[in-house]
Amino acid sequence: MMQKLWLKKLKLKYNSDVFDIVQFGSSVIKGKKPNDLDIAVIFNKIPIKEQLNQAQEIKRQIEQVSDIPVHITSFDLYSLFDSSNFAKESILFLGKSLIFGDNFSKRFGFYPKIQIYYSLQNLKKKDKIRFNYMLNGRGGEYGLLREYKGELLKPGLIEIDFEYENIFIDSIKGFDIKFSVRKVLL
């Protein structure tokens with residue numbers, strides 16, 4: 001179950017050294033059941049000891065509104081983009097700002113998307129029709145594209161928001177087709 005804290009307009013107390021507070025990981029992916037709530041506190045350049053103290057205070061505040069354990073990490077803008085930071089991709093692609101209520105990457109002018117390339121070449125005609133119904137709907141029912149605000153860019157290529165990747169992938173796996181997934185920042 002998604003924990004949509006970024007939509008709740010939390011009244012968190014933090015000082016001006018905080019660049020952003022970001023929810024990321026499995027808790028922002030539709031269809032996932034997270035074990036914990038991953039939060040990244042991103043600071044302007046301040047000493048690590050201050051980062052840790054302020055991050056723990058923010059954690060206490062978030063724990064009051066969360067029904068699952070909170071896992072908090074702190075970064076300054078430099079360490080966030082460091083090549084050794086394995087969380088940076090998840091923060092950039094999945095991250096939701098608890099301060100601004102939107103995708104964290106939009107703070108840098110980027111829009112995270114998933115592009116799924118697929119080929120229906122080896123499918124029977126009836127399965128191609130079923131695939132089309134799955135994407136576009138049938139008989140007044142919404143398809144995945146409309147329900148999750150996806151877009152058919154061209155035949156064989158759809159673009160979706162990152163948090164709906166699992167829904168589309170699980171649906172596509174129901175067909176015997178080749179597909180590939182690419183993460184992009186637009």
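The numbers here are math on the coordinates, done by the rules we state, and not lab data. From a predicted model like this one, the values you see are computed outputs, not experimental measurements. Heads up, the Cβs are rebuilt from the backbone with ideal geometry, glycines too, and the neighbour counts pull from every protein chain shown.
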| task | Excluding residues fewer than 8 places away in the same chain, name every one of the lysines whose C-alpha is closer than 20 Å to that of residue 183. | result | 30, 32, 88, 96, 106, 113, 149, 154, 173
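By the gyration tensor of its Cα atoms, with a ≥ b ≥ c the square roots of the eigenvalues, what is the shape of region 61-113: rounded for a/c under 1.5, prolate for a/b over b/c, or oblate?
Working: a/c = 2.08, a/b = 1.34, b/c = 1.56.
Judged from the Cα gyration tensor, region 61-113 comes out oblate (a/c at least 1.5, b/c at or above a/b).
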| What percent does the relative contact order of region 1-91 come to when contacts are Cα pairs within less than 8 Å and at least six residues apart? | 29 percent
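Not counting the cut sites, what is the longest span of the chain without chymotrypsin sites (Phe, Trp or Tyr not before Pro) that DSSP labels loop and that have at most 13 other Cβ atoms within 10 Å?
Details: sites that count: 81, 86.
Answer from the scan: 87-186.
Looking at region 5-108, send over the antiparallel percent of its DSSP beta bridges, to the nearest 5.
Details: 9 of 16 bridges.
The antiparallel fraction comes to roughly 55 percent.
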| field | Computed magnitude of the charge dipole of the chain (debye, nearest 20; Cβ of K, R +1, Cβ of D, E -1) | value | 740 debye
| request: Inverting the mean 1/r over all pairs of different Cα atoms, compute the Kirkwood radius of region 5-108 and quote it in Å. | output: 13.7 Å
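What Kirkwood hydrodynamic radius, in Å, does the chain give when the mean of 1/r is taken over all pairs of distinct Cα atoms and then inverted? Display every interim value, and only then the final one.
Details: mean 1/r = 0.0552 Å⁻¹.
Hydrodynamic radius (Kirkwood, Cα only) of the chain equals 18.1 Å.
Express in % the proportion of alpha carbon pairs of region 127-186 at distances exceeding 13 Å.
Details: 1124 of 1770 pairs.
Everything past 13 Å amounts to 64 percent.
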| task | Just rank 17, 170, fewest to most, by other beta-carbon atoms within 10 angstrom. | result | 170, 17
| query | Among 138, 130, what is the fewest-to-most ranking by other Cβ atoms within 10 Å? | reply | 138, 130
